[in-house]
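Peer 1: I have a structure here, written as structure tokens, and I will follow up with some questions on it.
The values are calculated or read from the model by the stated rules, or taken from the named source; none is laboratory data. Keep in mind that this is a model prediction, so the values were computed, not measured. As a convention, Cβ positions derive from the backbone with ideal geometry for all residues, glycine included, and neighbour counts pool all protein chains shown. Just so you know, the surface numbers come from the protein's heavy atoms only, side chains and all, with ligands and any DNA or RNA stripped out. Shrake-Rupley method; radii C 1.70, N 1.55, O 1.52, S 1.80 Å.
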Amino acid sequence: MGLPSIARLSKLESSSGARLIVVSNRLPLTLRKTEDGWNTEHSSGGLASAMNPLLRKGGGDWIGWAGDSNEQDQEGRRAVLQGWAEKEHCFAIEIPPDVAKGFYEGYANQTLWPVFHNFPSELKFEARDWDAYVEANRIFAGAVAERYKPNDLIWVHDYHLMLLPQMLRAKLPDAAIGFFLHIPFPSSEIFPILPRREELLEGLLGADLLAFQTHGHLQQFRAALLRVLGMESRIDQLAVGSRPVRLEALPIGIAPEEYASLLLNDKATREQCAEWVTRDRGRKVLLAVDRLDYTKGVLERLRAYAHLLRSSPEFKEKIILIQIAVPTREGIDTYQDLRTEVNRLVGEINGKLGTPEWTPLVYINRSIERTELVGLYKLADVCWIGSLRDGMNLVAKEYVACKPEGDGVLVLSEFAGTAAEMGEALLINPFDEERTASTIARGLSLDEQERRLRMTMLHQRVARNNVFRWGRGLFHRSKKRSLSGDATSTRNRGDCKCSRSATLTNAQLAAY
Ligand code: ADQ
């Protein structure tokens, strides 16, 4: 598949002069150095999967880090990035390598990520990584301020950029700023262990709108705010001086029709799927798709699978598990150790439990094309989401989107944000190996009527709560804030002298 243009429809700009500016750590495009020069690839991961269709439909600019710039051929690299800006409205910023390491591999992924996912034992902290985190956020703030025009709506994403709302507020007091947290917000017992916790909360409070994946995460944020900063809040709002900050729980969705369209119209997907169906005839297929991250529960899944095979001999040669695991954050030791242990377990399961006719576990440790992924979703009898903790988990929604006829079973960790809206899935506690194995066994033998009933209801909900509805939710709330900003523009608004006029027009809102 070619790369779809991210800003194919720039109607926002042409109709009203207002734009959406999305800011995230990485862009939806990734640079890859090959022998022939620099190549552009799609980024894998939930944020890119969700935001891509939204921006393709509604238009807007995207600002993010281009990735490491240590390689040779800087001229070629700059030319590719120039092309991204001109053709895709993706504006790459550069972060010096020493800052990037402390920011990304340091504070963001070895301090924030484990704490926000309830893994305090994985927390590592270096004061110089914090300095790098501050500096990287400052570089982002400069880049956004440079592109910003009055009336733009700035939408900041995720835990890498928690200081950015406040930094932008200082530079652009009148800007409309939204922040969405893709990962969970930790409990008020865990959050306070975080070094520099006060600065992080204050950084977020620069936004007009703070949105979380679930009500649970939103409540935990409010509890942390009270405990760490002594700030009271309402369920939907708090005050920073006399400036209101709106709070929302807005579970992210997918663009289900993209999956339906690949299933229906893409010849390669159909052919690939038909080939697999023939190959696996007589066997049931379990599927797992994850970034290779310790929060996704890959090791726990493999152990539960081994338990299932050992405890239920009737499944011998009758099932296979396909585990797709895309490498991620490979510069960090914990991730390298995870990879080594997964490799060992894969070898052990196939070596000890396989037969000459049967490899019980197929392990793919790379990113795969969307067409192939959709083919696998279509093929799989059971999709197994085993997150130990997850903001949402889009794989669950993608699988369901590929089951319009109601076949297939979703086995879902109760610790994924998705579980809050997917009650018809078979829920598991992934820390309980034995019960997980028995739930998988149940999923494999669920009677047809119950299976279809559960999947049909899930499918309807994924179709309804799609990413466009999520985007509309955020924009409407921002619009409400903007309008209230107009209404009070002549009043004294305390720390923020807001005379906000940034409103999205109805035409813009309709585009989402
Ligand atoms: P992630 O942690 O990246 O996202 P997830 O929501 O599961 O997790 O999204 C992963 C995305 O990557 C999916 O769209 C999936 O199709 C794709 N993907 C995974 N493995 C792949 C592979 N091998 N090849 C190709 N594509 C692959 C973060 C949070 C989540 C939250 C999302 C969105 O951690 O909790 O759901 O953001 O908000």
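Peer 1: Test each condition in (1) outside any helix (DSSP H, G or I); (2) under 26 Å from THR111 (Cβ atoms); (3) more than 11 Å from the ligand (Cβ to nearest atom) for GLU405 and report the one that comes out false.
Peer 2: GLU405 satisfies all of (1) outside any helix (DSSP H, G or I); (2) under 26 Å from THR111 (Cβ atoms); (3) more than 11 Å from the ligand (Cβ to nearest atom) except (2).
Peer 1: Restricting to the range 291-322, what's the tally of residues that are within 16 Å of the ligand (Cβ to nearest atom) and among the polar types (S, T, N, Q)?
Peer 2: Total meeting the criteria: 1.
Peer 1: Taking the stated definitions as given, is GLU317 of a type outside the set (Lys, Arg), open to solvent by 30 Å² or more (accessible area, probe 1.4 Å) and on the phi > 0 side of the Ramachandran plot?
Peer 2: yes
Peer 1: Moving on. From the set of residues in the range 110-126 that are free of Cβ contacts under 8 Å to residues at least 60 places away in the same chain and part of a helix (DSSP H, G or I), which is surrounded by the fewest Cβ atoms within 10 Å (Cβ to Cβ)?
Peer 2: Here the answer is SER121.
Peer 1: Let me ask you something else. Checking LEU164 against (1) over 18 Å from ARG19 (Cα atoms); (2) crowded, with 24+ Cβ neighbours inside 10 Å; (3) within 16 Å of the ligand (Cβ to nearest atom), only one condition comes out false. Which one?
Peer 2: (3)
Peer 1: Are there any pairs with C-beta distances below 6 angstrom linking a residue in the range 130-153 that is open to solvent by 40 Å² or more (accessible area, probe 1.4 Å) to a residue that is outside any loop (DSSP other than H, G, I, E, B), with the two at least 6 apart or on different chains, and if so which?
Peer 2: GLU135/VAL99
Peer 1: Out of the range 278-307, which residues are open to solvent by 60 Å² or more (accessible area, probe 1.4 Å) and more than 23 Å from VAL462 (Cβ to Cβ)?
Peer 2: Selection gives THR278, ARG279, ARG281, GLY282, ARG283, ARG303.
Peer 1: Residue under question is VAL99, and the condition is that it be over 25 Å from ARG246 (Cα atoms), of a type in the set (A, V, I, L, M, F, W, C) and at pLDDT 95 or above; does it hold?
Peer 2: For VAL99, the condition - over 25 Å from ARG246 (Cα atoms), of a type in the set (A, V, I, L, M, F, W, C) and at pLDDT 95 or above - is met.
Peer 1: Among the aromatic types (Phe, Trp, Tyr), closer than 27 Å to LEU153 by Cα, surrounded by 15 or more Cβ atoms within 10 Å (Cβ to Cβ) and in contact with a His (Cβ under 8 Å, 6 or more places away or on another chain): is that true of PHE180 in this structure?
Peer 2: Yes: the conditions hold for PHE180.
Peer 1: Still on this structure, please answer the following. Filter the range 148-170 down to the residues that are at pLDDT 95 or above and of a type in the set (D, E, K, R), then identify the one that is farthest from MET51 (Cα to Cα).
Peer 2: ARG169
Peer 1: With (1) modelled with pLDDT under 50; (2) surrounded by fewer than 19 Cβ atoms within 10 Å (Cβ to Cβ); (3) not in a helix (DSSP H, G or I); (4) not small (Gly, Ala, Ser) as the list, and LEU427 as the residue in question, which single condition is left unmet?
Peer 2: Of (1) modelled with pLDDT under 50; (2) surrounded by fewer than 19 Cβ atoms within 10 Å (Cβ to Cβ); (3) not in a helix (DSSP H, G or I); (4) not small (Gly, Ala, Ser), only one is false for LEU427: (1).
Peer 1: Hey, any hits in the range 399-413 for a residue that's surrounded by fewer than 19 Cβ atoms within 10 Å (Cβ to Cβ) and charged (D, E, K, R)?
Peer 2: Yes, the range 399-413 contains at least one residue that is surrounded by fewer than 19 Cβ atoms within 10 Å (Cβ to Cβ) and charged (D, E, K, R).
Peer 1: Can you list residue pairs whose Cβ atoms sit under 7 Å apart, with the first residue in the range 41-56 being over 16 Å from VAL23 (Cα atoms) and among the acidic types (Asp, Glu) and the second being more than 11 Å from the ligand (Cβ to nearest atom) and open to solvent by 20 Å² or more (accessible area, probe 1.4 Å)? Count only pairs 6 or more apart in sequence or on different chains.
Peer 2: So the pair list comes out as GLU41/THR30; GLU41/ARG32.
Peer 1: Can you say whether VAL346 is within 23 Å of TYR294 (Cα to Cα), more than 22 Å from the chain's Cα centre (by Cα) and within 16 Å of the ligand (Cβ to nearest atom), as far as the supplied structure shows?
Peer 2: Numbers: within 23 Å of TYR294 (Cα to Cα): yes; more than 22 Å from the chain's Cα centre (by Cα): yes; within 16 Å of the ligand (Cβ to nearest atom): yes.
It is true that VAL346 is within 23 Å of TYR294 (Cα to Cα), more than 22 Å from the chain's Cα centre (by Cα) and within 16 Å of the ligand (Cβ to nearest atom).
Peer 1: Taking THR418 as the residue in question, decide whether it is among the polar types (S, T, N, Q), within 16 Å of the ligand (Cβ to nearest atom), assigned to a helix (DSSP H, G or I) and buried (at least 23 other Cβ atoms within 10 Å of the Cβ).
Peer 2: yes
Peer 1: Right, here's the next one. Select from the range 54-64 the residues that are in contact with a helix residue (DSSP H, G or I) (Cβ under 7 Å, 6 or more places away or on another chain) and open to solvent by less than 10 Å² (accessible area, probe 1.4 Å) and write down the one among them that is nearest to the ligand (Cβ to nearest atom).
Peer 2: LEU54
One line per residue, one yes/no per condition, for (1) open to solvent by less than 10 Å² (accessible area, probe 1.4 Å); (2) over 27 Å from GLU41 (Cβ atoms); (3) modelled with pLDDT of 95 or more; (4) more than 11 Å from the ligand (Cβ to nearest atom):
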residue	(1), (2), (3), (4)
GLU330	no, no, no, yes
LEU353	no, yes, yes, yes
GLU357	no, yes, no, yes
SER367	no, no, no, no
THR371	no, no, no, no
LYS378	no, no, no, yes
MET392	yes, no, yes, no
LYS397	yes, no, yes, no
